[in-house]
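Read through the structure below, which is laid out as structure tokens, and then see the notes.
The values are calculated or read from the model by the stated rules, or taken from the named source; none is laboratory data. As the structure is a prediction and not an experimental result, all values here were calculated from the model. Cβ: placed from backbone, ideal geometry, glycine included. Neighbour counts: every protein chain shown.
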């Protein structure tokens, strides 16, 4: 099995640093109004507004946060998880982010009222956690496999319980405002992470078969 499949390929530090800088800059711009005491309302995901043609809210919704505490919590976890990905391909790293965010927003939208609002990176972060856990399991090393499996079961179980109960774990322990969480968005992020990892695995397997069949 090749190194890329095992996720043992060294990532170019400068490339990842540039991506982290870009992602952090996008998050900072989307949350600049927090310095004046309010969120950027025109960027929030609101199903009714998206249906009316404000399509950009699908992409910008995850970037916006209701307060500085919410921003630090979500963006900090998201950026740390992104930095920790073993995925050597920039394309697949960014596709993983897109899939996790899309899964989070899409599943939440199915259960939200038309005028409801969704924001924050917690759903995407849950998805990256699942993706990272699968990466560890793919390394075929006993310790990493066990840790990855435990992380995957943990984040999946947490997300499933939250989705069925409608309550986000540890919500009462937060030290600041996190808005009104849409609990099902975490499960959507996890499903997005699982699906994009499966797509990546199938793509690489097919490419490997074609390479081996080429004389």
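Looking at segment 121-130, is at least one residue in a loop (DSSP other than H, G, I, E, B) and without any contact (Cβ under 8 Å) to a residue 24 or more places away in the chain? Lay out the reasoning, then the answer.
First, pick out the residues of segment 121-130 that are in a loop (DSSP other than H, G, I, E, B): 121.
Those still in the list that are without any contact (Cβ under 8 Å) to a residue 24 or more places away in the chain too: none.
No: segment 121-130 contains no residue that is in a loop (DSSP other than H, G, I, E, B) and without any contact (Cβ under 8 Å) to a residue 24 or more places away in the chain.
What's the total number of residues in segment 110-124 that are over 19 Å from the mean Cα position of the chain (by Cα) and surrounded by 19 or more Cβ atoms within 10 Å (Cβ to Cβ)?
Number of matching residues: 1.
Scanning for something in contact (Cβ under 8 Å) with a residue 60 or more places away in the chain, surrounded by fewer than 14 Cβ atoms within 10 Å (Cβ to Cβ), out of contact with any strand residue (DSSP E or B) (no Cβ under 7 Å at 6 or more places or on another chain) and over 30 Å from residue 50 (Cα atoms), does segment 135-151 turn up at least one residue?
yes
Does any residue of segment 99-112 turn out to be touching a strand residue (DSSP E or B) at 6+ places or on another chain (Cβ under 7 Å) and at pLDDT below 90?
Taking segment 99-112 and keeping what is touching a strand residue (DSSP E or B) at 6+ places or on another chain (Cβ under 7 Å), we get 105, 108, 112.
With the extra rule that they be at pLDDT below 90, the set shrinks to 112.
Yes, segment 99-112 contains at least one residue that is touching a strand residue (DSSP E or B) at 6+ places or on another chain (Cβ under 7 Å) and at pLDDT below 90.
Out of all the residues in segment 83-99, which are under 13 Å from residue 23 (Cβ atoms) and either surrounded by fewer than 21 Cβ atoms within 10 Å (Cβ to Cβ) or touching a helix residue (DSSP H, G or I) at 6+ places or on another chain (Cβ under 6 Å) (or both)? So that I can check it myself, show each step before the final result.
Step one: of segment 83-99, the residues under 13 Å from residue 23 (Cβ atoms) are 83, 85, 90, 93-94, 96-98.
83, 85, 90, 93, 94, 96, 98, listed by residue number.
Quickly run through segment 60-88 and pick out the residues that are closer than 22 Å to residue 191 by Cβ and without any contact (Cβ under 8 Å) to a residue 40 or more places away in the chain.
Listed by number, the residues that qualify are 60, 80.
Is one or more of the residues making up segment 27-41 assigned to a helix (DSSP H, G or I), in contact (Cβ under 8 Å) with a residue 60 or more places away in the chain and surrounded by 14 or more Cβ atoms within 10 Å (Cβ to Cβ)? Show your work before the answer.
Here is the first cut: in segment 27-41, the ones assigned to a helix (DSSP H, G or I) are 27-30, 32-36, 41.
Cutting the leftovers down to in contact (Cβ under 8 Å) with a residue 60 or more places away in the chain gives us 27.
Narrowing further to those that are surrounded by 14 or more Cβ atoms within 10 Å (Cβ to Cβ): 27.
There is at least one residue in segment 27-41 that is assigned to a helix (DSSP H, G or I), in contact (Cβ under 8 Å) with a residue 60 or more places away in the chain and surrounded by 14 or more Cβ atoms within 10 Å (Cβ to Cβ).
Name the residue, out of 54, 8, 19, that is closer than 24 Å to residue 92 by Cβ, at pLDDT 90 or above and surrounded by 12 or more Cβ atoms within 10 Å (Cβ to Cβ). Explain how you work it out, then say what you get.
Working: 54 fails: closer than 24 Å to residue 92 by Cβ; 8 fails: at pLDDT 90 or above.
Going through 54, 8, 19 in turn, the sole match is 19.
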